[in-house]
Amino acid sequence: MNKTEVIARRILGWKLNRWDRWYDPEKGVFIYDFQPDENPDHAFLIVERLKSFGYTYMEKGKYEVCFNDVCETGKSLAEAITNAAFSLADNTSIPEEWL
């Protein structure tokens, strides 16, 4: 899964409905062309969701953000938010001893 998929599924709780749209079962709406690293409105959906989970959002610099103690940078504010959210998401691979 790429960053967008990890964030949409694990943080926002969305389901992929088609290759180009996500479904939010809580609100009952479809989200088209979800690109949080490029679209600030999409990035701030992530911020609001993480705030609802108890995370504190802080902008440390022009393109650096933190959720609690997890800080990341990017080429834009939206990309920094996406990178920090991705770092929070459980994106570990299968442990080597399982293979």
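Charged side chains reduced to their Cβ positions (Lys and Arg at +1, Asp and Glu at -1) give the stretch 8-47 a dipole of some 280 debye around its Cα centre. Using a 10 angstrom cutoff on alpha carbons, build the Gaussian network for the chain and name the most mobile of S52, S87, S76. Greatest mean-square fluctuation among the candidates belongs to S52. Annotation: lysines with alpha-carbon distance below 22 angstrom to K15 (same-chain offsets under eight excluded): K3, K27, K51.
Give me the percent relative contact order of the chain, please, defined on Cα pairs under 8 angstrom at least 6 residues apart.
23 percent
Solvent-accessible area per residue in the chain equals 64 Å², computed with a 1.4 angstrom probe and all protein chains kept.
Local charge for K75 was computed over the other residues whose Cβ lies under 12 Å away, with Lys and Arg +1 and Asp and Glu -1, and equals -4. Are there trypsin sites (Lys or Arg not before Pro) in the stretch 1-49 that DSSP puts in a loop and that have at most 10 other Cβ atoms within 10 Å, and which ones? Hits after loop and neighbour filter: K27. With the Cα gyration tensor of the chain giving a ≥ b ≥ c as the square roots of its eigenvalues, does the rule (a/c under 1.5 for rounded; else a/b larger than b/c for prolate; else oblate) give rounded, prolate or oblate? Oblate is the answer for the chain, as a/c is 1.5 or above yet b/c matches or exceeds a/b. Helical content alone sets the calculated 222 nm signal of the chain at -8500 deg cm²/dmol, taking -39,500 (n - 2.57) per DSSP H segment of four or more residues and averaging over every residue. Ignoring aspartates and glutamates fewer than eight residues from K62 along the same chain, the ones with Cα atoms less than 13 angstrom from its Cα are E72, E79.
The values are calculated or read from the model by the stated rules, or taken from the named source; none is laboratory data. All values derive from a computational prediction rather than experimental measurement. Using ideal geometry, Cβ is built from the backbone for each residue, glycine included, and neighbour counts are taken over all protein chains shown. Heavy atoms of the whole protein, side chains included, go into the accessibility calculation; ligands, DNA and RNA do not. Shrake-Rupley method; radii C 1.70, N 1.55, O 1.52, S 1.80 Å.
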